[in-house]
Every structure is written in structure tokens, then in C-alpha cells.
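A quick write-up on the structure given underneath.
The values are calculated or read from the model by the stated rules, or taken from the named source; none is laboratory data. Keep in mind the model is a prediction, meaning the values are calculated, not measured. Glycine gets a Cβ as well: all are built from the backbone with ideal geometry, and neighbour counts include every protein chain shown. To get the accessible areas, we keep the full protein, side chains included, count just its heavy atoms, and leave off ligands, DNA and RNA. Shrake-Rupley method; radii C 1.70, N 1.55, O 1.52, S 1.80 Å.
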Amino acid sequence: HAAYSPGTAPLFLKVLFDPADGTLLGMAAMKDLGDGTAEIKSMRTAMAARGIGLGRRLLEHAIEQATEHGCTAIVLETGSEPHFAAARGLYLARGFVSCPPFADYTDDPNSVYLRLPVATEDVAPTA
């Protein structure tokens with residue numbers, strides 16, 4: 001469910017490591033779709049880093065970066081399978097809503113498409 005289109009540049013890539021031992025904890029990558037919309041292409045946290053709010057912090061950082069870049073909406077595609085439930089819950093709790101497929105995506109029973117309108121006042125402080 002994470003794809004990269006050749007010839008396009010990411011809006012940002014954020015990678016977090018444990019300062020104690022250099023272990024990868026999480027990452028987020030976002031792409032500018034060129035129409036005022038940013039797409040979260042990938043956002044992951046290591047199993048050992050789950051449950052500590054890292055995903056929420058990565059998501060808030062993505063929203064902040066998209067807003068600072070002048071985007072008015074963020075979209076994403078995630079899985080519909082049960083093992084994506086926590087990710088869907090995170091996005092829905094932040095205000096993302098269901099939307100039709102966007103960019104090059106098509107209807108797929110294994111995918112869920114979400115959208116979040118953003119504006120300067122939508123940027124929440126990071127903890």
C-alpha cells in the first residue's frame with residue numbers, strides 16, 4: 001500500500017531513530033500531488049515503538065509540513081484488512097474522512113481512501 005511514482009519528489013521524508021542505539025523507530029513520507037493536495041505515501045512505526053504515541057507525532061508532523069508547504073488537503077490510501085485497523089483509527093481520530101480514490105488509484109476492496117482538509121489553524125501542537 002505504499003508506492004512511489006518515478007519522476008516525483010517527496011514533499012518530505014521523516015525518519016526517527018532511537019538516540020540510544022540507532023534503532024529505526026518510525027518513518028513518514030509525503031508527496032505533493034501538485035493540486036494543493038499532499039499524499040501520505042507511507043507512515044510506519046517499528047513494532048517495538050508502537051503504543052507510545054509515535055504514530056500520532058509522525059502524523060502531526062506530516063500535517064504541519066503539508067500546511068507549511070501551502071497544501072489545503074492531505075489524502076492517503078491504507079488497507080481495509082484488520083491489521084490496518086490501528087492506522088485507520090489514528091487517521092479517523094485526527095479528522096480524516098472517507099473519500100473516493102485519488103491520483104492514479106482506483107476502487108479496490110483492499111483499500112480505504114481518506115482525506116483531511118487542512119489550513120494554518122489546523123496544525124496542532126506536537127507533544
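At a glance:
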| item | result |
| --- | --- |
| Nonlocal amide H pairs with residue 26, under 5 Å, H built at 1.01 Å | 16, 46 |
| Label-to-label distance, nm, for residues given as residue 52 and residue 106 (7 Å Cα→Cβ offset) | 4.2 nm |
| For region 33-127: accessible area per residue (Å², 1.4 Å) | 55 Å² |
